[in-house]
Amino acid sequence: MAEQRATHRRLILRLTLSCVLMFGFGFALVPLYDVFCRVTGLNGKVLNTGPLEEAVISDVNRRIQVQLIAVNNSGMPWEFRPSESSMEVYIGEMKQTAYIATNPTNRYMIAQAVPSVAPAEAAQYLRKVNCFCFDRQPLNAKEQREMPLLFVLDDALPDHIKTVTLSYTLFDITPEDTLAAASGSEEVQL
């Protein structure tokens with residue numbers, strides 16, 4: 001009987017330890033994933049953002065096709081599109097464009113754009129000087145806004161990359177209390 005209790009205690013201890021380790025792994029998964037993406041270049045995350053520290057020299061002998069894509073996350077009612085879907089960019093050229101967002105609803109909403117770059121290898125050579133994705137984008141009911149994007153492609157971009165795709169997914173991040181206040185006021189207006 002004592003031997004059986006000792007076996008059960010060891011089993012309970014192992015199961016408890018396994019649960020603690022699984023919880024710890026789950027908690028550490030997001031930072032580990034970010035490190036993995038930085039090391040491998042996967043996921044198309046742009047790490048070069050903000051003002052340029054050095055002068056940019058444009059290479060007029062090398063042009064890259066840049067495609068711009070806009071995607072709404074499911075449940076996001078906004079109309080969202082690039083002002084131009086494709087452009088030719090010289091390596092090192094400071095290029096400005098914009099995305100256009102329209103809030104067709106009858107309520108104030110806040111959105112956040114999440115960028116990705118394809119091929120993922122190109123992300124490390126894309127420098128976003130100014131991007132609407134850096135900030136939250138609040139829009140009043142029926143409001144439309146042009147959101148700027150200013151970027152440069154680094155001259156170290158590998159020669160085999162001829163096309164770079166910038167994709168932005170728009171998410172609704174309106175706080176719940178704002179939604180509740182808006183829905184309450186809509187009921188009163190009806």
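The values are calculated or read from the model by the stated rules, or taken from the named source; none is laboratory data. Everything quoted here is computed from the prediction, not taken from an experiment. All Cβ positions, glycine included, derive from the backbone under ideal geometry; neighbour counts span all protein chains shown. Just so you know, the surface numbers come from the protein's heavy atoms only, side chains and all, with ligands and any DNA or RNA stripped out. Shrake-Rupley method; radii C 1.70, N 1.55, O 1.52, S 1.80 Å.
So here's what we get for this one:
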item	result
Per residue accessible area of the range 62-123, 1.4 Å probe, in Å²	43
Theoretical FRET efficiency, 1/(1+(r/R0)^6), r = Cβ-Cβ of residue 160 and residue 19, R0 41 Å, to 0.05	0.30
Cut-off 11 Å between beta-carbons: net charge of the residues surrounding residue 102, Lys and Arg +1, Asp and Glu -1	0
For residue 93, distant residues with modelled amide H under 5 Å away	59, 153
Interchain or long-range residues, amide H under 5 Å from residue 111's placed H	137, 139, 173
Virtual spin-label span in nm between residue 150 and residue 60, 7 Å along Cα→Cβ	2.3
From phi via Karplus (6.51, -1.76, 1.60), per-residue ³J(HN,Hα) for the range 63-72 in Hz, x at Gly/Pro	10, 10, 7, 10, 9, 10, 10, 10, 9, 9
Share of alpha-carbon pairs per 5 Å distance bin for the range 130-170, given as whole %	5, 13, 24, 18, 15, 11, 6, 5, 3, 0
Amide H partners (placed H, <5 Å) of residue 105, local residues excluded	142
List 160, 8, ordered by accessible area with a 1.4 Å probe, largest first	160, 8
Karplus (6.51, -1.76, 1.60) ³J(HN,Hα), θ = phi - 60°, over the range 82-92, in Hz, Gly and Pro reported as x	x, 5, 9, 7, 7, 7, 8, 10, 7, 4, x
Whole-Å semi-axes of the range 82-144's equivalent ellipsoid (Cα gyration tensor)	28, 13, 10
Area accessible to solvent at residue 152, 1.4 Å probe radius, in Å²	10
